């Protein structure tokens with residue numbers, strides 16, 4: 001049995017060794033699961049080419065969105081094989097091509113919410129202001145300008161009001177990253193972990209670059225989107241109104257959404273778990289149950305002898 005760095009062994013007299021978690025907590029840990037809305041992970045088993053099953057228990061599955069023109073969309077591929085896009089882990093996820101117009105949608109309306117937390121495990125080969133891998137609300141899906149939404153941008157900013165943003169920071173290319181972003185009653189914070197630990201990338205409460213930070217989200221925040229979240233005003237894909245073109249190749253291993261503002265400590269704890277489990281592994285409780293089942297089997301076999 002291979003243990004990740006945040007696990008340790010407790011061995012009984014019967015030599016049954018069970019892994020237990022330490023400080024990091026999984027996205028569905030009971031302490032925070034009350035507001036868990038979406039958990040997209042384990043693409044190797046949960047993604048069929050057009051639908052990514054939700055592991056939160058809320059049935060907020062992500063489904064592919066077609067072109068606004070009505071033609072068939074090019075759906076993402078479950079296995080990312082671009083070589084250098086994942087330099088720290090070998091994991092499976094959902095790939096969104098820069099050459100096609102891929103967009104997925106999950107969850108129900110988020111309008112009127114003032115508190116949201118989103119985690120993303122992803123890689124990209126291009127950093128531009130028009131490349132937004134995930135977000136609540138999408139100009140690409142609406143086909144028009146959007147207001148009071150909440151998008152993550154690969155240029156290290158958070159976008160919220162038709163292109164207006166808060167902050168900027170480093171977002172390395174061709175590296176698997178853990179990002180977390182939080183909307184907390186009119187304040188936004190963004191974290192990034194490139195392998196050396198989670199660090200605050202953006203902390204902005206009153207000095208956004210243009211516009212107003214959503215408080216609350218508007219009716220444009222109709223769903224959670226992945227892929228080409230920001231693009232043209234007439235269809236799902238295409239050039240941005242500001243002149244940028246979304247040609248980035250994106251790879252998403254996990255995406256997690258909470259309908260609440262998690263604390264700084266909770267953000268750090270979940271991010272540590274995601275860093276250690278980039279594609280998700282069985283929960284410790286599941287492993288414990290498997291270990292107990294094996295122990296019962298051993299005892300039963302011994303009695304039969």
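The values are calculated or read from the model by the stated rules, or taken from the named source; none is laboratory data. What you see is a predicted model; the values in this text were computed from it and never measured. Positions of Cβ are backbone-derived with ideal geometry, glycine not excepted, and every protein chain shown enters the neighbour counts.
Considering each residue of segment 77-95 in turn, at least one proves to be modelled with pLDDT under 50, crowded, with 20+ Cβ neighbours inside 10 Å and over 15 Å from residue 274 (Cβ atoms). Restricting the search to segment 107-123, which residues are surrounded by fewer than 24 Cβ atoms within 10 Å (Cβ to Cβ) and over 24 Å from residue 186 (Cα atoms)? Answer for segment 107-123, where residues must be surrounded by fewer than 24 Cβ atoms within 10 Å (Cβ to Cβ) and over 24 Å from residue 186 (Cα atoms): there is none. Scanning segment 183-207 for residues that are assigned to a loop (DSSP other than H, G, I, E, B) and surrounded by 21 or more Cβ atoms within 10 Å (Cβ to Cβ) yields a single hit, 198. The single condition among (1) touching a helix residue (DSSP H, G or I) at 6+ places or on another chain (Cβ under 9 Å); (2) at pLDDT 90 or above that residue 193 does not satisfy is (2). If you go through segment 135-146 and keep only what is assigned to a loop (DSSP other than H, G, I, E, B) and at pLDDT below 85, you end up with 143, 144, 145, 146.
Restricting segment 47-60 to residues that are surrounded by 15 or more Cβ atoms within 10 Å (Cβ to Cβ) and over 14 Å from the mean Cα position of the chain (by Cα) leaves a set whose member that is modelled with the highest pLDDT is 58.
Just one of the numbered conditions (1) farther than 29 Å from residue 143 by Cα; (2) in contact (Cβ under 8 Å) with a residue 12 or more places away in the chain is not true of residue 197: (2). Quick check, is residue 63 under 30 Å from residue 261 (Cβ atoms) and either modelled with pLDDT under 80 or not in a loop (DSSP other than H, G, I, E, B) (or both)? Considered against the rule, which asks whether it is under 30 Å from residue 261 (Cβ atoms) and either modelled with pLDDT under 80 or not in a loop (DSSP other than H, G, I, E, B) (or both), residue 63 comes out as yes.
Between 179, 159, 132, which is in contact with a strand residue (DSSP E or B) (Cβ under 6 Å, 6 or more places away or on another chain) and either surrounded by fewer than 21 Cβ atoms within 10 Å (Cβ to Cβ) or assigned to a loop (DSSP other than H, G, I, E, B) (or both)?
On the way: 179 fails: either surrounded by fewer than 21 Cβ atoms within 10 Å (Cβ to Cβ) or assigned to a loop (DSSP other than H, G, I, E, B) (or both); 159 fails: either surrounded by fewer than 21 Cβ atoms within 10 Å (Cβ to Cβ) or assigned to a loop (DSSP other than H, G, I, E, B) (or both).
So the residue among 179, 159, 132 that is in contact with a strand residue (DSSP E or B) (Cβ under 6 Å, 6 or more places away or on another chain) and either surrounded by fewer than 21 Cβ atoms within 10 Å (Cβ to Cβ) or assigned to a loop (DSSP other than H, G, I, E, B) (or both) is 132.
Can you tell me which residues in segment 214-241 are within 28 Å of residue 96 (Cα to Cα), in a loop (DSSP other than H, G, I, E, B) and at pLDDT 85 or above?
Filtering segment 214-241 for residues within 28 Å of residue 96 (Cα to Cα) gives 214, 217-241.
Applying the additional criterion that residues be in a loop (DSSP other than H, G, I, E, B) yields 214, 217-223, 228-238, 240-241.
Once the filter is applied, which keeps residues that are within 28 Å of residue 96 (Cα to Cα), in a loop (DSSP other than H, G, I, E, B) and at pLDDT 85 or above, segment 214-241 yields 214, 217, 218, 219, 220, 221, 222, 223.
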